[in-house]
Amino acid sequence: MNGFLRPNTGESVFGAVHLGYVVAQSARLTDWRRFGAEAIGLHVDELGADGLRFRLDDRACRFLIQRGSAEDVMALGWHVDDHDTFDRVVARIVDRGVPLIEGAREEAALRGVERLWRFPGPKGIAQEIFTVPVTTPEPLRMLSSGWVTGEAGMGHVAILSREPEAMRGYYHTVFDSRLTDYIDENVSGLTMKIRFLRVNERHHSSAIANLRGIKIDPIRTRVQHINIQSATLDDMLASFGRVTDLGFRMAWSVGQHTNDRELSYYCVTPSGFELEVGWNPVVIGPELESTWEPSTYQDISIWGHTTVGETVLDKFAQFRQAVRAAAAPEITVPQLAGGLSR
């Protein structure tokens with residue numbers, strides 16, 4: 001890594017980092033194609049027998065689904081605006097002794113970026129950073145009229161963690177994330193606390209949830225959900241109808257969140273983690289940013305977001321997963337946790 005500069009790593013990179021792409025691994029590519037293209041309404045590009053990509057905008061790739069057995073999210077790609085900011089992020093990583101490697105040219109091409117660098121992330125989700133995305137003039141072929149990306153990035157990721165403070169410290173150390181707000185939600189008599197972190201004008205690019213006082217994780221997948229934002233309310237509601245009509249599982253009905261005011265629904269992807277399709281969340285622009293103070297909300301939703309089709313067997317499966325997860329420590333990256341790791 002000697003080719004990188006050593007800038008002032010204390011200078012904030014907030015506002016210059018955006019969620020750029022998601023990499024998942026699945027053996028259910030046929031289901032993924034049908035789910036993404038026909039139900040959600042995304043543009044799909046086939047990659048032969050080894051995978052497929054979904055587009056939301058002029059970027060060559062926003063979702064990369066590669067053939068494999070994990071049925072999970074494997075990596076998050078973060079777009080860094082410029083080389084000076086990139087060097088600051090890199091210095092924070094390597095100066096703390098965390099390994100950083102350049103991805104192969106073939107990996108970069110699949111992800112629709114010119115070059116990428118990879119380093120370890122919480123829960124074993126690789127974090128990848130890049131500065132130059134590949135765009136394409138090819139028109140979008142999709143059922144949706146459009147998706148909101150741009151300065152806000154492609155959406156957000158939500159993760160259930162047994163080490164929430166370590167994860168919060170990680171994203172603050174690497175990307176200068178800021179705490180937007182909290183939600184305390186009662187779940188079957190237990191309190192779930194959710195921390196919402198922003199790295200740009202999007203209300204949150206990551207959400208970190210934990211059950212207060214109990215270190216359990218009932219979710220099989222590394223992420224609980226990925227969020228994307230519809231350009232119009234009609235688009236969001238139309239995709240809700242298609243998901244239902246095509247027989248994909250709905251997890252949470254249409255509703256509105258208390259904190260970011262987004263209208264959305266949650267459906268289950270072919271790999272098991274959820275996809276939230278939303279519309280019109282709060283944007284924390286410069287004026288709001290200058291006076292923003294975190295608040296705590298007592299419920300996730302103002303209305304709606306009721307569970308759909310959950311059974312007693314689902315509850316037992318979650319309990320078994322929690323027991324299995326408790327036997328092994330959660331993966332953290334203590335060097336980047338800002339002193340908040342266990």
>> Taking the criterion of being surrounded by fewer than 16 Cβ atoms within 10 Å (Cβ to Cβ) and under 20 Å from the mean Cα position of the chain (by Cα), would at least one residue in region 73-87 satisfy it?
In response: yes
> Which number in (1) of a type in the set (V, I, T); (2) within 14 Å of G77 (Cβ to Cβ); (3) surrounded by fewer than 16 Cβ atoms within 10 Å (Cβ to Cβ) marks the one condition that V174 misses?
Replying inline: (3)
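Rundown of residues vs (1) under 28 Å from G169 (Cα atoms); (2) in a strand (DSSP E or B), yes/no style:
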{"position": "L76", "(1), (2)": "yes, yes"}
{"position": "R92", "(1), (2)": "yes, no"}
{"position": "G97", "(1), (2)": "yes, no"}
{"position": "E106", "(1), (2)": "no, no"}
{"position": "L110", "(1), (2)": "no, no"}
{"position": "R115", "(1), (2)": "yes, no"}
{"position": "K123", "(1), (2)": "yes, no"}
{"position": "P137", "(1), (2)": "no, no"}
{"position": "L143", "(1), (2)": "no, no"}
> Can you name the residue in region 109-165 that is in contact (Cβ under 8 Å) with a residue 24 or more places away in the chain and of a type in the set (D, E) and, of all such residues, is farthest from T85 (Cα to Cα)?
Replying inline: E163
>> Of all residues being aliphatic (A, V, I, L, M) and part of a strand (DSSP E or B) in region 270-300, which is surrounded by the fewest Cβ atoms within 10 Å (Cβ to Cβ)? Just the residue, please.
In response: V283
>> So for region 164-183 (the condition being in the same structural domain as E276 (by TED's automatic domain parsing), more than 25 Å from G15 (Cα to Cα) and charged (D, E, K, R)), does at least one residue qualify?
In response: no
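What about R96, is it crowded, with 22+ Cβ neighbours inside 10 Å, outside the structural domain of E201 (by TED's automatic domain parsing), among the charged types (D, E, K, R) and in contact (Cβ under 8 Å) with a residue 12 or more places away in the chain?
Values: crowded, with 22+ Cβ neighbours inside 10 Å: no; outside the structural domain of E201 (by TED's automatic domain parsing): yes; among the charged types (D, E, K, R): yes; in contact (Cβ under 8 Å) with a residue 12 or more places away in the chain: yes.
Answer is no for this residue.
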>> If I ask for residues that are within 16 Å of the chain's Cα centre (by Cα) and in a strand (DSSP E or B), which ones from region 56-72 would you list?
In response: F63, L64, I65, D72
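The values are calculated or read from the model by the stated rules, or taken from the named source; none is laboratory data. Keep in mind the model is a prediction, meaning the values are calculated, not measured. Cβ sites come from the backbone with ideal geometry, for glycine too, and all protein chains shown count toward neighbours.
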